[in-house]
Amino acid sequence: MDEPLNLVLFSGTDDKLQAAAVLTAGAAALGKPVNIFLQYWALDAFRADKIDRDHGLAPEAGAEGRAAVDALTKAGQTSWAETLRQAKDLGSVDIEACSLSMDLLHLEAEDLDPLVDGVEGVTAFYLNAGEGQVVFI
Amino acid sequence: MGVVEIDQLVDARGLSCPMPIVKTAQAVKALTSGSVVELLATDPGSIKDVAAWCKSTGNELVEQTSDGAVYRFVIRRK
């Protein structure tokens, strides 16, 4: 239980970020540390000016999937950003931006939501990951 | 049946996974050892989740009941 859960978030759609936030909060509740590495479109979704916007859904969701997600949202489902905030309050959750993706998107650290703890390269991510599983979403 | 004194109620009715567990973990964390939390949830996943969470964290699941719509759990902090 002491090995961290390591999530590499690549996709920036709300459904995949919601799934990642659920995994994170569950691990935090169990006392398992979580390292999150934000790449590409996932990093874009963590921009301070974008985090509360609609980020769409994965293509396989289709119209029915859209309606199902909208129904959950309407029923008061906690957003992925708020779920991550609560997970950080509860346990050890470190969220790092991939430095290559920062360059790609022309971002500076101050462009990111406070949920993001810092910027690092892939080597630092692997070092922190230790023997824990790495999950790519 | 003995009556267990509840120190804190966590009302997670209407909340979807993983919020019932997140709210419970937050409440338990803020209490002292031996304190008792009552959790109310409507998420059907909470039956297995609460049991798994208690097993993993060492907190005691004292009671688990359901009226069909709402699941009720009583948890004692280790």
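None of the figures in this text is laboratory data; all of them are computed from the coordinates on show. These numbers were taken from a predicted model, which means no experiment stands behind them. Glycine gets a Cβ as well: all are built from the backbone with ideal geometry, and neighbour counts include every protein chain shown.
Per-structure values
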read-out	value
All lysines inside 18 Å of A:LYS50 as judged from Cα atoms, apart from same-chain residues fewer than 8 positions distant	A:LYS16
DSSP beta bridges in the range A:5-136 [antiparallel fraction, %, rounded to 5]	5 percent
Percent of beta bridges antiparallel (DSSP, the range B:8-76, rounded to nearest 5)	70 percent
Rh (Kirkwood; distinct C-alpha pairs) - chain A, Å	15.2 Å
Modelled label reach - A:SER99, point 7 Å along Cα→Cβ, the range A:1-38 residues with backbone N closer than 16 Å	A:37-38
Rh by Kirkwood over Cα pairs, then Stokes-Einstein D for chain B at 0.692 mPa s and 37 °C, µm²/s	269 µm²/s
20 Å Cα-Cα reach of A:LYS32 towards lysines, excluding residues that sit fewer than 8 places from it in its own chain	A:LYS88, B:LYS23, B:LYS29, B:LYS48, B:LYS55, B:LYS78
Residue exposure sequence - A:TYR40, A:TYR126, B:TYR71 - by fewest surrounding Cβ within 10 Å	A:TYR126, A:TYR40, B:TYR71
Chain B: calculated mean residue ellipticity at 222 nm from DSSP helix runs of at least 4, using -39500 (n - 2.57)	-9500 deg cm²/dmol
